[in-house]
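Just below is one structure, and these are the notes that go with it.
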Amino acid sequence: MSSDETVPIPYDARRQARSLYWRGWGVTEIADELQLKRTTVQSWCDRDKWADAPMMQRIEECVATKLMTIVSKDKYTGSDVRDIDLLTRQAVNIEIAKTKVRRYEQPDGHEGDLNEKVANRNAGPKKKPTKNLLDMAACEKLRAAFEEGAYAFQQTWWDNQGERIRMLLKSRQIGATYSFARERLIRALVTGNNQIFISASRNQANVFRQYIVQFVEKETGITLKGNPLVIDRGTDADGNYLEPVELHFLGTNYRTAQSYHGDVIIDEFFWIYGFEQLYKVASAMATQKRYTITLFSTPSTVAHEAYPMWTGERYNRKRKKGDRINLDVSHEALKNGASGADRIWRQIVTLDDAIEGGYDLIDRDELQLEYSVEEFDNLFNCLFVDDSASTFPMSILRPCMVDSYEVWQDVKVHHAKPYAGEVWLGYDPAESADGDNASLIALAAPNGKTGKFRAIEKKQLKGMSYQKQAELIAEWTRKYNVTEIAIDVTGMGGAVWQLVSGFFPRARRIQYSPSVKADMVYKAKNVIENDRLEFDAGWSDLAMAMMSIHAKLTKGGHQITYVARRSAATGHGDLAWALLHALYCEPLEGADGAKKSTVEFSDDDEEISEGRSHSGYGHRSERISARRGRGVQLRRRGIGARPPRVAPAYRVLAQRALLRAAGRSAHAGARGQCGFASSLRLAG
């Protein structure tokens, strides 16, 4: 064969004929197209059973032929690339379909092999996934982790969990809430008893929930969800189904929860307002003999409603003299815990007791430097406070303590913008970078003269420079709609005020003096006694700070001033002063409803004026102006001017003398009701 002779491309005539047959061509048409004998094509068709080939085989060969034709090209167009992708995916789908068909063609095949929906329909009801499942194995793992991490005094609490009533007086910050959250969870899993956690506020009660969720997730990897927590306990060793348990976390809404039943745990009961009513409801929840009641708290005051129960006086009420008991509630008697004649198991755990039991998370010596003797005894030695000499005793503070989670529907503490209304800030700066705590408090301003102040956030810091303190205030001005800031300018406070006034020019300077302190205390007492202050019931530190304020004579013995029982390094009383600063932004007469009037002395020659103003909600300025000479006119704000009337000479002289006296005695800030402005206020 010569080199320039063309070699024909071979092809499989039999395969080509089959492809045309599957595309619907007849045998005669195929023979004419391929120039073959009709008998040959018919022989292939009969021998290979082209007519009996399954549809899936026909489609698969067509797709494969088309795909190979495109792939064999040297260059691809955009259309070729799309076709290759489409045909490849179809080839995969064909293989999957062939597998389903083969399974269906088996002797045990059924329609569900071809259609998954039919298989799912015939599979029967699905078993719902178990939520919050803590079976016996998980319970043992949690119990082992608890016992391994418990300190000696916490193990004592665990060993006495079967006591009908436990009443514990404990030091601050020794992990009681953390320990009881774990203890109660394990008791619920073991006994099947529901657990009811009650705190002074819902936010405080949710701390129990947070500790429980973290504990379970750390030890088992299971995340508990829901509030209340409903926990599935699975089955026992014999395969018997165990009833689920419920963990409820309540604040002041315990009054509507009397239908609950279970073990009751009451946190910080010495700081709860209305303890008698609370205990009546709690004991009803734990009526069944299998249930227990646990109360634990740091001490507050001897005047608290829970104190008679602690000392046994509550038991002696309405009992005959011969049936009364005498309990020893000293630390020596209750250090290791003891059950009294009233069948209440009591224990006192001081900081020293906790340290003796292996608690090593607190530096006792450091705390003694930071707190005064009285404060240290109350917070860490479990001694009650006698607030009889306090300016703000617990008896007047208790009505201010509310469950903010339930009562303040417009305050969202965890949001970036917790409150949309007007906010006043009170700040008590640190005396030095190494001195006492700096305290900042945010008050939701009252809505009108009789509205309530609400303390919505507080913060205490130590070791901050004055620049950092000012930056903290600036941060809160972005967080809230701040309209008032009051700062004590004593010591480092002067530098803080200068920086704050740079971005908030209306910031108030409070220069401490006996009279200014007295005015602040009078204002705060007026607000509290008129039921115009609210703060979260879990803020026991603020209540203690308020109770630490008391009156004393100045060094000269000529004036009364107000101080907090604290050492030079303590920051406990500063929170109260920060609150008083914020309250002081409202005038002393802000809530008395008195009408303000103006006194004017008219004269053509000379004018003398004195005035003051207060910003904030609807504050009206008082103006006192004098013109020497012709007349005196009195008018209320907003009624327009009146023509002057001639006044007797003696009356003009008397008013002029009053004016001069007022000018000499004026000072920064609002004065009390005995001040000059009050003397000029008219009934209208």
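The values are calculated or read from the model by the stated rules, or taken from the named source; none is laboratory data. A quick note: this is a predicted structure, and the numbers were derived from the prediction, not measured. All Cβ positions, even for glycine, are placed from backbone atoms using ideal geometry, and neighbour counts span all protein chains on display.
Picking from residues in region 401-412 that are touching a Lys or Arg at 6+ places or on another chain (Cβ under 9 Å) and crowded, with 18+ Cβ neighbours inside 10 Å, the one that is nearest to Val521 (Cα to Cα) is Val402. Does region 439-447 include one or more residues that are at pLDDT below 90 and more than 16 Å from Asp574 (Cα to Cα)? Yes - at least one qualifying residue is present in region 439-447.
When you check Val302 against the structure, is it out of contact with any Lys or Arg (no Cβ under 8 Å at 6 or more places or on another chain) and buried (at least 20 other Cβ atoms within 10 Å of the Cβ), yes or no? So Val302 does not fit the description; no.
Taken over region 214-235, the residue count meeting the criterion of being over 18 Å from Gly192 (Cα atoms) and of a type in the set (A, V, I, L, M, F, W, C) is 2. Residues of region 460-481 that are touching a residue at least 60 places away in the same chain (Cβ under 8 Å) and under 26 Å from Val411 (Cβ atoms): Gln460, Lys479, Tyr480, Asn481.
Comparison of Lys525, Lys452, Lys479 shows that the only residue that is within 30 Å of Ile198 (Cβ to Cβ) and at pLDDT 90 or above is Lys452. The strands (runs of 3 or more DSSP E) found entirely in region 141-247 that carry 2 or more residues being touching a residue at least 40 places away in the same chain (Cβ under 8 Å) and in contact with an Asp or Glu (Cβ under 8 Å, 6 or more places away or on another chain) are 195-198, 229-231. When Val92, Val63 are checked against the criterion of being of a type in the set (A, V, I, L, M, F, W, C), part of a helix (DSSP H, G or I) and surrounded by fewer than 12 Cβ atoms within 10 Å (Cβ to Cβ), Val92 stands alone in meeting it.
Of all residues in region 38-95, those that are over 30 Å from Thr28 (Cβ atoms) and either aliphatic (A, V, I, L, M) or in contact (Cβ under 8 Å) with a residue 12 or more places away in the chain (or both) total 13. Contact annotation: no residue pair with Cβ atoms under 9 Å, 6 or more positions apart or on different chains, pairs a residue in region 12-31 that is under 12 Å from Cys62 (Cβ atoms) and not assigned by TED's automatic domain parsing to the domain that holds Gln57 with a partner that is charged (D, E, K, R) and loosely packed, with under 15 Cβ neighbours inside 10 Å.
Given the condition hydroxyl-bearing (Ser, Thr, Tyr) and either more than 30 Å from Ser330 (Cβ to Cβ) or surrounded by 19 or more Cβ atoms within 10 Å (Cβ to Cβ) (or both), answer yes or no: does some residue in region 155-167 qualify? Walk me through how you get there before you give the answer.
The first filter runs over region 155-167 and keeps only residues hydroxyl-bearing (Ser, Thr, Tyr), leaving 156.
Keeping just the survivors that are either more than 30 Å from Ser330 (Cβ to Cβ) or surrounded by 19 or more Cβ atoms within 10 Å (Cβ to Cβ) (or both) gives none.
Checked against the condition, which is being hydroxyl-bearing (Ser, Thr, Tyr) and either more than 30 Å from Ser330 (Cβ to Cβ) or surrounded by 19 or more Cβ atoms within 10 Å (Cβ to Cβ) (or both), region 155-167 yields no hits at all.
In this structure, Glu484 qualifies as crowded, with 23+ Cβ neighbours inside 10 Å and among the charged types (D, E, K, R).
Here is the figure for region 15-32: residues that are assigned to a helix (DSSP H, G or I) and over 19 Å from Lys66 (Cβ atoms) total 6. Here Ser388 does not fit the description of being surrounded by 15 or more Cβ atoms within 10 Å (Cβ to Cβ), over 30 Å from Trp158 (Cβ atoms) and hydroxyl-bearing (Ser, Thr, Tyr).
Per-residue answers, yes or no, for (1) of a type in the set (S, T, N, Q); (2) in contact with a Gly (Cβ under 8 Å, 6 or more places away or on another chain); (3) within 25 Å of Lys462 (Cβ to Cβ):
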{"site": "Gly340", "(1), (2), (3)": "no, yes, no"}
{"site": "Glu356", "(1), (2), (3)": "no, no, no"}
{"site": "Asp363", "(1), (2), (3)": "no, no, yes"}
{"site": "Glu375", "(1), (2), (3)": "no, no, yes"}
{"site": "Pro399", "(1), (2), (3)": "no, no, no"}
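Answer yes or no: is there a residue in region 127-134 that is surrounded by fewer than 12 Cβ atoms within 10 Å (Cβ to Cβ), of a type in the set (A, V, I, L, M) and either assigned to a loop (DSSP other than H, G, I, E, B) or touching a residue at least 12 places away in the same chain (Cβ under 8 Å) (or both). No - not one qualifying residue is present in region 127-134.
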